[in-house]
């Protein structure tokens, strides 16, 4: 049969982000595929070497557009480890609230994203409407909707505004009350199930081969490998939450894990707001202006649990005002770059956008 | 004859205006379901007129001719469509099989034009559209054959509608409940509503057959689409909902049917093309055959 070359992106309604998947199909079956990255390459890693430590806070959220806060957290943790800074207790809880709100936001976006490839746009619009409410909360806290630049080395930029806790509680209660509705509309919907159940598999052997982490790994290996549990940062050791797992990684179970994590995040935020002490929210990193800080010589790898898996920054300092070298481990790099080439072939072209969506591919963090 | 042709063209124009307005109203309704405000109800008129004012790119004469053939075929089909019991352009020629054959001319014109664009996504979309047509037509035709048998062998759409108005006869959606369900499902397939929207599938094949169109050709395809929907919904009203004695009743039935289909479509995801075929050849086909056996051989009609 004659092979057809199809382009999934960069200008395509089924593509997530600025990347292109080149597909060679015979009939409806993909025979060969590969990702063409570089559409969003702005040299983040090299750019960081040209910015001061504090300047980088404005650059790094762009590494993952939809979930920027993990970048701030991983970078700030790295600098704090290098400079041996003790973060104020309140700042830890403020950071966790921000990170978990961001997790809910990205899981909503991803769950709503299921509506794009399957045509269930009602789910997409509902999820985006709720995500918009989170962005409103972010705007009140940080002054920014998407790139917050809130988590900085030493703590957070400023304390929560008065009354924001009520907004957060109100949103969480509302979201929780509509959780069943969300499930019925999406993952329990028979027409959605027909597309995602027993489809787009991620076997355990592929997880180990590619180095997939996060939801993909937890859905396949039945182990709660979540950095918030196995290597707690901030004050995740002080809050109670479960890590949802499966031993059968089809698209349905991966989406289900995201929904279950959404519930866990609601619980974590409530605990944080309850346990949050009063006090300062930012420790001084160095003397003088923040643009003239120097960070002691050394190298460090700091990582956090993003919605797609382990997200890490490898930072090298030569003791100057700029990082000497920064390397970013994007959580979706293994499945996004290697997985598409090796494991997308064999699926139908109908399933290609769903493959990218449920595997959790964020193309900017592949480019970085 | 000239009067008949003018009335027929009037029906086609009426169908275009009605469906374009109804489409706009339904975009508003579905937008509210989706927590959006939605565009103005006359947005589709603006879109179509704007497209006709734009320059067009041609991909060869097959590409251009196919669009004209598609639009011409659909306008010809609409000219035979009865609107109410009194508004029929060609009385005696409003035969169900005329609609089936003439609709196919429009569809084939569209298929020819889209394939002529040379875009593989368009070819995949055409292939899917024709496959979907094969899937929903079999159960739908069995139900319509059952109706023709029950009405004494007439295939005239207006006579079938009149038959349902006779005292003691129910609308066929009630008289043949299984057949009614099959007809609703098939109508969703005809209109390309989810879960059967495989041949448009923006996220998969970037709107399939439409992918290479712009300007006047796209405008003509929009007009063709609106008239096609008018024909298909009207067929359903006449065959299953007892037709319409007055224009007011017709408009009410049209609005209710089209809105209900859009609301159902708004909470369903899209099947894959193989799932569409398996689905239609499973439950609707089984229900259609069962209904035919019950109605024709056992004589059980409500």
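Based on what the data block shows, is residue A:326 within 14 Å of chain B (Cβ to nearest Cβ), in contact with a helix residue (DSSP H, G or I) (Cβ under 7 Å, 6 or more places away or on another chain), at pLDDT 90 or above and not in a loop (DSSP other than H, G, I, E, B)? Break it down stepwise before answering.
On the way: within 14 Å of chain B (Cβ to nearest Cβ): no; in contact with a helix residue (DSSP H, G or I) (Cβ under 7 Å, 6 or more places away or on another chain): yes; at pLDDT 90 or above: yes; not in a loop (DSSP other than H, G, I, E, B): yes.
Considered against the rule, which asks whether it is within 14 Å of chain B (Cβ to nearest Cβ), in contact with a helix residue (DSSP H, G or I) (Cβ under 7 Å, 6 or more places away or on another chain), at pLDDT 90 or above and not in a loop (DSSP other than H, G, I, E, B), residue A:326 comes out as no.
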Hey, can you tell me all the residues within segment A:81-116 that are surrounded by fewer than 22 Cβ atoms within 10 Å (Cβ to Cβ) and either closer than 16 Å to residue A:358 by Cα or within 14 Å of chain B (Cβ to nearest Cβ) (or both)? A:109, A:116
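Only residues that are away from chain A (no Cβ under 14 Å) and without any contact (Cβ under 8 Å) to a residue 60 or more places away in the chain: list them for segment B:114-150, please. Break it down stepwise before answering.
Step one: filter segment B:114-150 for residues away from chain A (no Cβ under 14 Å), giving B:114, B:116-117, B:129-130, B:133-150.
The answer is B:116, B:130, B:133, B:137, B:141, B:148.
Let's see how each residue does on (1) more than 14 Å from chain A (Cβ to nearest Cβ); (2) loosely packed, with under 14 Cβ neighbours inside 10 Å; (3) more than 22 Å from the chain's Cα centre (by Cα):
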residue	(1), (2), (3)
B:23	yes, no, no
B:27	no, no, no
B:41	yes, no, no
B:49	yes, yes, yes
B:59	yes, no, yes
For segment A:211-236, name all the residues that are on the phi > 0 side of the Ramachandran plot and in a loop (DSSP other than H, G, I, E, B). A:211, A:222, A:234
Do you know which residues across segment A:28-74 are within 14 Å of chain B (Cβ to nearest Cβ) and within 21 Å of the chain's Cα centre (by Cα)? none
Consider residue A:15 against the criteria (1) surrounded by fewer than 22 Cβ atoms within 10 Å (Cβ to Cβ); (2) part of a loop (DSSP other than H, G, I, E, B): it satisfies all of them except one. Which criterion is unmet? (1)
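Looking at segment B:245-255 only, could you name the residues that are under 27 Å from residue B:154 (Cα atoms) and either assigned to a helix (DSSP H, G or I) or touching a strand residue (DSSP E or B) at 6+ places or on another chain (Cβ under 9 Å) (or both)?
Filtering segment B:245-255 down to residues under 27 Å from residue B:154 (Cα atoms) leaves B:245-254.
Selection gives B:247, B:248, B:249, B:250, B:251, B:252, B:253, B:254.
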Please work out which residue is nearest to the other protein chains (Cβ to nearest Cβ), limiting yourself to segment A:339-368 and to residues that are more than 13 Å from residue A:200 (Cβ to Cβ) and in a loop (DSSP other than H, G, I, E, B). A:362
Does residue B:242 satisfy the condition of being touching a helix residue (DSSP H, G or I) at 6+ places or on another chain (Cβ under 6 Å), buried (at least 21 other Cβ atoms within 10 Å of the Cβ), more than 14 Å from chain A (Cβ to nearest Cβ) and not in a helix (DSSP H, G or I)? yes
Of the conditions (1) within 19 Å of the chain's Cα centre (by Cα); (2) surrounded by 17 or more Cβ atoms within 10 Å (Cβ to Cβ); (3) more than 14 Å from chain A (Cβ to nearest Cβ), the single one that residue B:252 does not satisfy is (2)
Would you mind telling me which numbered condition in (1) at negative phi; (2) surrounded by fewer than 18 Cβ atoms within 10 Å (Cβ to Cβ) residue A:186 fails? (2)
Please determine whether any residue of segment A:117-130 is surrounded by fewer than 20 Cβ atoms within 10 Å (Cβ to Cβ), at pLDDT 90 or above, more than 13 Å from chain B (Cβ to nearest Cβ) and not in a strand (DSSP E or B). no
Going through segment B:158-184 one residue at a time, which ones are surrounded by 23 or more Cβ atoms within 10 Å (Cβ to Cβ) and under 15 Å from the mean Cα position of the chain (by Cα)? B:182, B:183
Since residue B:153 meets every condition but one in (1) over 16 Å from the mean Cα position of the chain (by Cα); (2) more than 17 Å from residue B:180 (Cα to Cα); (3) touching a residue at least 40 places away in the same chain (Cβ under 8 Å), which condition does it not meet? (3)
When residues of segment B:276-302 are filtered for being in contact (Cβ under 8 Å) with a residue 60 or more places away in the chain and within 11 Å of another protein chain (Cβ to nearest Cβ), how many remain? 2
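Kindly indicate whether residue B:33 is surrounded by 17 or more Cβ atoms within 10 Å (Cβ to Cβ) and either within 30 Å of residue B:92 (Cβ to Cβ) or in contact with a helix residue (DSSP H, G or I) (Cβ under 7 Å, 6 or more places away or on another chain) (or both). Spell out the reasoning first.
Details: surrounded by 17 or more Cβ atoms within 10 Å (Cβ to Cβ): no; either within 30 Å of residue B:92 (Cβ to Cβ) or in contact with a helix residue (DSSP H, G or I) (Cβ under 7 Å, 6 or more places away or on another chain) (or both): yes.
No, not satisfied.
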Exactly one of B:25, B:68 is modelled with pLDDT of 85 or more and more than 30 Å from residue A:116 (Cα to Cα), and that residue is B:68
Of everything in segment A:237-246 that's over 30 Å from residue B:204 (Cβ atoms) and in a loop (DSSP other than H, G, I, E, B), which residue is nearest to the other protein chains (Cβ to nearest Cβ)? A:245
For residue B:160: the one exception among (1) within 14 Å of chain A (Cβ to nearest Cβ); (2) over 30 Å from residue A:12 (Cα atoms): (1)
Across segment B:190-216, what is the total count of residues that are more than 8 Å from chain A (Cβ to nearest Cβ), part of a helix (DSSP H, G or I) and at pLDDT below 85? 3
Restricting attention to segment A:184-209, the residues that are within 13 Å of chain B (Cβ to nearest Cβ), touching a residue at least 60 places away in the same chain (Cβ under 8 Å) and assigned to a helix (DSSP H, G or I) number exactly 5
The conditions are (1) touching a strand residue (DSSP E or B) at 6+ places or on another chain (Cβ under 9 Å); (2) within 14 Å of chain A (Cβ to nearest Cβ), and residue B:93 fails exactly one of them. Which is it? (2)
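Mind checking which residues of segment A:19-37 are assigned to a loop (DSSP other than H, G, I, E, B), surrounded by fewer than 22 Cβ atoms within 10 Å (Cβ to Cβ) and touching a helix residue (DSSP H, G or I) at 6+ places or on another chain (Cβ under 6 Å)?
Filtering segment A:19-37 for residues assigned to a loop (DSSP other than H, G, I, E, B) gives A:19, A:27-28, A:37.
Right, trim to surrounded by fewer than 22 Cβ atoms within 10 Å (Cβ to Cβ) and you get A:27-28, A:37.
Matches in segment A:19-37: A:28, A:37.
The values are calculated or read from the model by the stated rules, or taken from the named source; none is laboratory data. Here the structure is a predicted model, which means the values were calculated and not measured. We place every Cβ from the backbone using ideal geometry, glycine too, and count neighbours over all the protein chains shown.
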